[in-house]
Amino acid sequence: MQDFGVYFELGLQHILDLSGYDHILFVIALCCTYFIKDWRKVTVLVTAFTVGHSLTLALSVFNLVRVDTELIELLIPITIVITAFSNVVKKRQRAANTDWLTYSYALFFGLIHGLGFSNYLRSLLGKESSITWPLFAFNVGLELGQLAIVFVVLMASLIATGIFSVSKRDWSFFLSAAIFGIALMMALERT
């Protein structure tokens, strides 16, 4: 049970690590078009990302999937660029029937992001006799860290739109455009 805490903290630190801010940018891009009333949708969206992330982590740890690290390091900012760009060009009103598509993208991009940490986690878990429990603990920490980011983004959105009267569209556009620029620079640096 003590190992649970260690791997839980590792998952939490992985997502909240400011030096590896690509995951933070992705989560912000994923949820910045949503607002406090959409908290259930955002929770499902972030969980879809975690499921994808967890799946490739597990496949990698069990040595079922191996992908070139340099390719993954390039694909991660590309997923952020695509997500931020899609936010910028999105129509004002989100159609309810497109939520499943957004969840699918989150799941798919989670697969890519999971591969980015898999080599390090595989080396850590290689010492464990059973890796299922530590892998679960890591993913629970990851999910809670992402939900913390979502909470901060939703609160910032509430303050910007409620107190400072920024339009929801302008707020989403501002965040998405900023993230797009940062992620594009990351992608160009990794080519």
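Each value in this text was obtained by applying a stated rule to the coordinates, not by laboratory testing. Bear in mind that the values here come from a model prediction, so they are computed numbers and not experimental data. Every residue, glycine among them, receives a Cβ derived from its backbone with ideal geometry; neighbour counts consider all protein chains shown.
Compute the distance in nm between two label points, each set 7 Å from the Cα along the Cα-to-Cβ direction, one at A178 and one at S130.
4.5 nm
Within the stretch 30-46, list the residues whose amide N lies under 18 Å from a label point set 7 Å along Cα→Cβ of V166.
30-38
State, to one decimal in nm, how far the label point of L64 lies from the label point of N119, with both points 7 Å from Cα in the Cβ direction.
With each label point 7 Å from Cα toward Cβ, the separation is 2.2 nm.
So for the chain, if I pair up every lysine 8 or more residues apart or on another chain, how many of those pairs have alpha-carbons under 28 Å apart?
The number of close lysine pairs in the chain is 8.
Rounded to whole Å and ordered largest first, report the semi-axes of the equivalent ellipsoid of the chain derived from its Cα gyration tensor (root of 5λ).
Whole-Å semi-axes of the equivalent ellipsoid: 30, 18, 14.
Using the membrane-span-like helix rule (whole DSSP H runs, Cα extent along the own axis of at least 24 Å, mean Kyte-Doolittle hydropathy at least -0.5), which helices of the chain qualify?
Helices meeting the criterion: 39-61, 69-89, 99-125, 132-158, 168-189.
Could you tell me the calculated FRET efficiency between E9 and V44, based on Cβ-Cβ distance and R0 = 22 angstrom, to the nearest 0.05?
Efficiency, from the Cβ-Cβ distance: 0.30.
If I stretch the segment between W100 and V152 completely, what's the gain in nm (0.36 nm per residue apart, minus their alpha carbon distance), one decimal?
Using 0.36 nm per residue and subtracting the Cα-Cα distance, I get 16.3 nm.
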